[in-house]
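Reading through the structure tokens given below for one structure.
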Amino acid sequence: MYCKLNDQELISLLKEGDELAYTEIYNRYKRLLQNHAYKKLGDFEEVKDVLQELFANLWTKRAEISVTINLSGYLYTALRNRIFNIAAHQKVASKYVESLQNFINEEHCIADHLIREKEFTLLIQKEIEALPLRMREVFELSRKSGLSHREIANQLDISEQTVSKQITNALKILRVRLGILWILIFLF
């Protein structure tokens, strides 16, 4: 009997709380809406969820539905809006995941770089400490204290030429000792 009723009659009965009218609307439009939603979403489980929400909402808001509405247009519009909401949500979720991944990658790179920098600094300090005493003293006054060759010479009571030679020799030793280590640290 309900299958012979038109949409306007079904809406009128639906507004009165007729469950059989609701079932007829569901049976009449479920497959059409399902096919349309699947073309847009491509995920059958998501389509089932959207249709369940759509028809549940139809029942819940049955009293608010105008008897003069075009039922198929109403259902397609409601479906379209839900699909738009899903697409918008997926876009936001995708951006969030992407930004989270970028943050994790960036933090990982920064942390990795800081660890390598700290290790290399400790290694340099260890190699400086391994220099002969006078050479180390001259080198540290030059590099750490920022003194000129003349200032170092005056402070240590040695010639500027000796200061220059000690710094040159210290740099040669450090380059040899740290050269291979520098490469190894940044390869791994």
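The values are calculated or read from the model by the stated rules, or taken from the named source; none is laboratory data. Since the structure is predicted, the reported quantities are computational estimates derived from the model, not experimental observations. With ideal geometry, Cβ positions are generated from the backbone for all residues, glycine too; neighbour counts draw on all protein chains shown. What goes into the accessible areas is simple: the full protein's heavy atoms, side chains included, and nothing from ligands, DNA or RNA. Shrake-Rupley method; radii C 1.70, N 1.55, O 1.52, S 1.80 Å.
A few points about this structure:
- F120 versus Q34: modelled label distance in nm, points set 7 Å from Cα along the beta carbon direction: 6.2 nm
- For the chain, relative contact order (Cα pairs under 8 Å, six or more residues apart, normalised by length) works out to 16 percent.
- Loop sites by DSSP among the trypsin sites (Lys or Arg not before Pro) of the chain, restricted to those with at most 15 other Cβ atoms within 10 angstrom, leave 62-143 as the longest stretch without any of them.
- The chain, accessible surface, carbon-and-sulfur percent (1.4 angstrom probe): 56 percent
- Treating r as the C-beta distance of E19 and N102 and R0 as 45 Å, the FRET efficiency rounds to 0.30.
- Residue pairs exceeding 25 angstrom between C-alpha atoms, taken from K15/K39; K48/K91; K126/K165; K40/K91; K4/K30; K40/K95: K15/K39.
- For region 113-153, the extents of the C-alpha atoms along the principal axes are 37, 20, 8 Å, listed from largest to smallest.
- Screening the chain for whole DSSP H helices of 27 Å or more along their axis (Cα) with average Kyte-Doolittle hydropathy at least 0.0 returns 160-187.
- Here the Kirkwood formula, the inverse mean of 1/r across different C-alpha pairs, assigns the chain a hydrodynamic radius of 23.8 Å.
- In the context of the full set of protein chains, the chain has a per residue accessible area of 69 Å² (1.4 Å probe).
- Gaussian network model of the chain, Cα within-10 Å springs - most flexible of V138, V97, V47: V138
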